[in-house]
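Asks: Take this structure, written in C-alpha cells, and hold onto it; I'll ask about it next.
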Amino acid sequence: MKDVLIQYMKCFSDLSDSELRKLTIDIPVATFKKGTVLLHQGEVPSKCYFVLKGCVRLYGVDEHGNENTFNFFTEEQSVTIFNQHTPDKISPYSLSCLEDCTLIVGDLSTEQEAYDMHPVLEELTRKMMEEDLGAMRDEFSSFISSTPEERYQNLMKKRPDLIDRVPQYQLASYLGIKPESLSRIKKRSIANLRVVD
C-alpha cells in the first residue's frame, strides 16, 4: 500500500525508490471503517492523514444546525486541518470516512522529530503542501466565479469518480446548491450529451 505514497513522493523528489522506501518504513498505516469520524468539529487536531485508499469528507455544522461539505479527499491526497493561526487551535471542521479507508496517519506532535531524523522529509512535505494549497486556491477562485452548472461540469472533468462515491446531498452541499438543483443539473447534462450523440 505504501507504494501509492512512494509514487506520489516521486513527483516532489529526485530520491531513488530505495531512499523513499527508507523514508516511509516507520510511517504508520491504519484502516478505518466507513462511518469512522477521524476528527470532531471543536476538537484540537492531533493527526494528519494521507489517503491510500478510500474517501474522507471534510464538513462542518453551522450555528443554525446546517451541515456543509467543504471537500472530499480520495487516493493520493493529504488531509490536514490548518488552524495553527487560531488562539484555541480547535477545528471548525469534522473529518469522516465515507468508505472503508486505508490511511497513512501522521502525529502532529512528533512532526518535528521526524523532520530532525529525516531532513529531506521536511522539504518534501513543504513541496506537497505548496501543491495542495495552490490547488485549493485555484479551486476556490473557480468556485466563487462559476455558476452551479459550471461547478458541476468542472467536477465531472476533474473528479468524476465522486459522482458515484458520494451521497447526492453531500455532493450538492459541496457544490453550494440544493440536492434538487443538482438533480436538475444532472438531468440537463445527460440530455445535452444525448443531443450531442
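No lab work stands behind these numbers, since they all come straight from the coordinates. Owing to the predicted nature of the structure, the values given are computational and were not obtained by experimental measurement. Every residue, glycine as well, gets a Cβ built from its backbone with ideal geometry; the counts of neighbours run over all protein chains shown.
Asks: Among 93, 7, 179, whose Cα projects farthest towards the positive end of the dipole of the chain, with charges put on the beta-carbon of Lys, Arg (+1) and Asp, Glu (-1)?
Replies: About the Cα centre, the residue reaching furthest to the positive side is 179.
Asks: Among 81, 160, 118, pick out the residue whose Cα is farthest towards the positive end of the charge dipole of the chain, where Lys and Arg carry +1 and Asp and Glu carry -1 on C-beta, about the Cα centre.
Replies: Highest projection toward the positive end goes to 160.
Asks: For a 22 Å ceiling on Cα separation, which of these pairs sit above it: 53/89; 2/157; 158/186; 33/53; 53/186?
Replies: Numbers: 53/89 28 Å; 2/157 28 Å; 158/186 16 Å; 33/53 12 Å; 53/186 27 Å.
Checking Cα-Cα distances, 53/89; 2/157; 53/186 exceed 22 Å.
Asks: So what is the 222 nm mean residue ellipticity for the chain from helices alone, if each DSSP H run of at least 4 adds -39500 (n - 2.57) and you divide by all residues, rounding to the nearest 500 deg cm²/dmol?
Replies: Details: 8 runs with 91 residues, N = 197.
Rounded to the nearest 500, it is -14000 deg cm²/dmol.
Asks: So which trypsin sites (Lys or Arg not before Pro) in the stretch 90-164 are both in a DSSP loop and have at most 10 other Cβ atoms within 10 Å of their Cβ?
Replies: On the way: sites: 126, 127, 137, 151, 157, 158; in loops: none.
Here no trypsin sites (Lys or Arg not before Pro) fit, given the DSSP loop and packing criteria.
Asks: Going from the alpha-carbon gyration tensor of the stretch 2-118, what semi-axes, largest first and in whole Å, does one get by taking the root of 5 times each eigenvalue? Spell out each step's value before the answer.
Replies: Values: eigenvalues 153, 59, 26 Å².
With the √(5λ) rule applied to the stretch 2-118, the semi-axes are 28, 17, 11 Å.
Asks: Related question: Counting Lys and Arg as +1 and Asp and Glu as -1, each charge on the Cβ, what is the dipole of the chain about the Cα centre in debye, to the nearest 20? Please list the in-between numbers first.
Replies: Numbers: 24 positive and 31 negative charges, 206 e Å.
Here the size comes out at about 1000 debye.
Asks: What do you get for the angle between helix 179-196 and the principal long axis of the chain? Use alpha-carbon atoms, 0 to 90 degrees, nearest ten.
Replies: 80
Asks: In nm, give the distance between the simple-model label positions of residue 142 and residue 156, each being 7 Å from the Cα along the Cα-to-Cβ direction.
Replies: 1.5
Asks: Taking loop as defined by DSSP and a crowding limit of 10 other beta carbons within 10 Å, which trypsin sites (Lys or Arg not before Pro) in the stretch 1-108 fit?
Replies: Working: sites: 2, 10, 21, 22, 33, 34, 47, 53, 57, 89; in loops: 33, 34, 89.
The qualifying sites are 33.
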